[in-house]
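The values are calculated or read from the model by the stated rules, or taken from the named source; none is laboratory data. Quantities reported herein were computed from a predicted structural model and do not represent experimental measurements. Here the Cβ is made from the backbone with ideal geometry for all residues, glycine too, and neighbour counts use every protein chain on show.
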């Protein structure tokens, strides 16, 4: 314990000595020593004012976006929405097959229907389909934002 205190004291001694030497210098301290090129507050007050530009140097032309046809944006949105609906239907079919595989009717070894354990096989597919649906949701939001920016209202039904 004593050794650790001695080591701690040895390590902190330079820091304590340096902390005592730190000092804030003012303009009055400049009289004690000369620093070539150092400015005082009076020197800074004597400098000329910095010119400030009051207005823009050049007027830029107004930006007018190209008009986007409503039909093109609506068809874009509809194509995204139909793809999303198709993927939702595929997820529903896979979930129905999983439910069937866990029912009492899924034990027939003579049929080609899904059997117990299909949930583990279908999991990666269902997760991938859910990711694609999430991506299409973002694309639909992007299409709606671009339509709003262009001043076009889309049918979201």
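A few notes on this one:
- Pairs where the first residue, in region 143-157, is within 11 Å of residue 81 (Cβ to Cβ) and the second is buried (at least 16 other Cβ atoms within 10 Å of the Cβ) and modelled with pLDDT under 80, C-beta under 9 Å, 6+ apart: none
- Matching residues in region 7-22 - criterion: being at pLDDT 70 or above and surrounded by fewer than 10 Cβ atoms within 10 Å (Cβ to Cβ): 10, 11, 14
- Any hit, region 82-104, residues being surrounded by 10 or more Cβ atoms within 10 Å (Cβ to Cβ), part of a helix (DSSP H, G or I) and modelled with pLDDT under 85: no
- In region 27-43, the residues that are without any contact (Cβ under 8 Å) to a residue 24 or more places away in the chain and at negative phi reach residues that are surrounded by 10 or more Cβ atoms within 10 Å (Cβ to Cβ) and in a helix (DSSP H, G or I) with C-beta atoms within less than 7 angstrom, at least six apart or across chains, in these pairs: 38/30; 40/27; 40/30; 41/27.
- Residue within region 68-77 that is closer than 30 Å to residue 146 by Cβ and loosely packed, with under 10 Cβ neighbours inside 10 Å present: yes
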